[in-house]
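A short write-up of the structure that comes next.
The values are calculated or read from the model by the stated rules, or taken from the named source; none is laboratory data. The shown structure was predicted, so the numbers you read here are calculated from the model rather than taken from an experiment. Counting neighbours? That spans all protein chains shown, and the Cβs are built from the backbone with ideal geometry, glycine included.
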Amino acid sequence: MSDLRPIGEEVIECINCGKKKFRVRFYIYTIPYFGDIILQVGVCDSCGYRRADVSVLNPGEPTRIIVKVRNMNDLNALVIKSSTATVKIPELGIEIYPGPAAPGYITTIEGILHRVLDHVPSECFIKDSTCYYKVKEIKEAIDGKKNFTLIIEDPFGRSDVLGHNLDIRKERLSEKEITRS
């Protein structure tokens, strides 16, 4: 990680305990094909609360990224999802909206599906449950047996997707769509 360059540190009020002991460190890291990203890593010296965020250093316009996922290779595409981005997978009924403490992260398209499964209630993994079909659909997508569309909408243009031979389209979000976010 020699490309990881510290650029500063700040101590602010912790959103968990309210004490001014939340230490945030900022780093710049260069990712091939993406360029520079900012990593923000914070921990409260009082209560231990942790938070991390990631975003593209040179943001673009408010953007919608639409990726058609059709095979196992597409699942390996690299995703930088900023803390302000919304993730949607219409075919699977998935919509993930950012909240005030939403993290940014670097993952793959498959990793996003696993993150969704991490937040599904445990009863949905039982075959007789009414929501089991949804878990089954997501697992089929992870196994490359179900095509789907990944949509990332970022009002600050700090998210991106990169993969080989990927069916990807980027479009500008309208002012109306930005204010709805």
Item checked: Looking only at segment 48-98, and only at residues there that are part of a strand (DSSP E or B) and among the small types (Gly, Ala, Ser), the one that is surrounded by the fewest Cβ atoms within 10 Å (Cβ to Cβ) -> ALA52
Check: Of these, TYR29, TYR133, which one is part of a helix (DSSP H, G or I) and surrounded by fewer than 19 Cβ atoms within 10 Å (Cβ to Cβ)?
Finding: TYR133
Checklist line | Checking GLY111 against (1) part of a strand (DSSP E or B); (2) small (Gly, Ala, Ser); (3) within 22 Å of LYS134 (Cα to Cα), the condition it does not meet | finding: (1)
Checklist line | Residue check, GLU175 without any contact (Cβ under 8 Å) to a residue 40 or more places away in the chain and surrounded by fewer than 16 Cβ atoms within 10 Å (Cβ to Cβ) | finding: yes
Note to self: Under 6 Å between Cβ atoms, which residue pairs at least 6 apart in sequence (or on different chains) link something in segment 57-74 that is touching a residue at least 24 places away in the same chain (Cβ under 8 Å) with a partner that is of a type in the set (Phe, Trp, Tyr)?
What the structure shows: PRO59/PHE156; VAL69/PHE148
Checklist line | Selection from segment 115-130 of residues that are in contact with a helix residue (DSSP H, G or I) (Cβ under 9 Å, 6 or more places away or on another chain), part of a helix (DSSP H, G or I) and surrounded by 13 or more Cβ atoms within 10 Å (Cβ to Cβ) | finding: VAL116, LEU117, CYS124, PHE125
Note to self: Considering only residues that are without any contact (Cβ under 8 Å) to a residue 12 or more places away in the chain and of a type in the set (D, E, K, R), which ones fall in segment 103-138?
What the structure shows: ARG115, ASP118, GLU123, LYS127, ASP128, LYS136
Margin query: Criterion first (in contact with an Asp or Glu (Cβ under 6 Å, 6 or more places away or on another chain) and not in a strand (DSSP E or B)) does LYS20 satisfy it?
Written below: yes
Margin query: Take the residues in segment 156-170 that are part of a loop (DSSP other than H, G, I, E, B) and surrounded by fewer than 21 Cβ atoms within 10 Å (Cβ to Cβ); name whichever of them is modelled with the lowest pLDDT.
Written below: PHE156
